[in-house]
1. Using unit Cβ charges (K, R positive; D, E negative) and no other charged atoms, how large, in debye to the nearest 20, is the dipole of the range 75-148 about its Cα centre?
2. I need H66, H139, H53 ordered by Cβ neighbour count within 10 Å, fewest first.
3. Using modelled backbone amide H atoms (1.01 Å from N, in-plane), which distant-in-sequence or interchain residues come within less than 5 Å of Y21's amide H?
4. Quickly rank 130-138, 7-15, 101-109 as a protection proxy: mean count of other C-beta atoms within 10 Å, highest first.
5. Within 15 Å, Cβ to Cβ, of G37, how many net charges do the neighbouring residues add up to if Lys/Arg are +1 and Asp/Glu are -1?
6. First select every other residue whose beta carbon is under 14 angstrom from the beta carbon of S133; then total the charges, Lys and Arg +1, Asp and Glu -1.
7. Placing +1 on the Cβ of each Lys and Arg and -1 on the Cβ of each Asp and Glu in the range 1-142, which of H11, F97, V34 has its Cα farthest towards the positive end of the resulting dipole?
8. For the pairs K32/K68; K28/K68; K13/K143; K35/K122; K28/K143; K4/K35, note any where the Cα-Cα span goes beyond 29 Å.
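Just so it is clear, none of the values below were taken in a lab; they were calculated from the coordinates. For clarity, every value in this text was computed on a predicted model and none was experimentally measured. Reconstructed Cβ throughout: ideal geometry from the backbone, glycine too, with neighbour counts over all protein chains shown.
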Amino acid sequence: MEVKLIINGTHIKFAADPDEYLLDTLRKLGYKSVKRGCDTSSCGVCSILVDGHLIPSCSYLTVRAHNKPITTVEGIQLEARKIGEMITAEGVEQCGFCSPGHVMAVYALMQENTHPSIEEIKHYLAGNLCRCSGYEGQHRALKNLMEVR
């Protein structure tokens with residue numbers, strides 16, 4: 001089935017299987033920031049924006065994204081760098097596997113709420129798992145980032 005995708009502003013026609021997940025499509029198309037984690041929508045590693053909403057791409061069918069804007073880390077490089085620098089400044093950037101998902105979640109949060117409380121940050125990022133950190137440094141970094149903005 002032919003699907004028209006709008007990935008980071010670029011229009012792409014793609015032949016997708018009816019049961020193909022957006023994670024697999026994006027990886028085939030070269031968007032390597034989208035990682036495979038749990039395949040159950042539990043870890044947040046594959047998070048992207050579809051039509052402005054944060055979604056787990058491992059459980060979102062490609063055909064559902066037909067003609068909708070899709071945003072990956074590759075499409076927000078300046079913002080991603082700023083978010084990454086704030087996390088690194090707190091000393092919590094370790095293996096980096098979860099970073100793209102965290103960056104997308106933070107970016108989505110920044111679009112929705114420019115001055116969240118630490119409780120709102122924790123709630124919004126609850127679905128993004130990191131095996132290397134204790135999350136407190138990440139939360140501090142994001143609170144600092146949101147206050148600077």
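1. 140
2. Listing H66, H139, H53 from fewest to most nearby Cβ atoms yields H53, H66, H139.
3. Answer set, sorted by chain and number: T62.
4. Listed from highest to lowest mean packing, they are 101-109, 130-138, 7-15.
5. The answer is +3.
6. Result for the neighbourhood of S133: 0.
7. The one lying farthest along the dipole's positive direction is H11.
8. K13/K143; K28/K143
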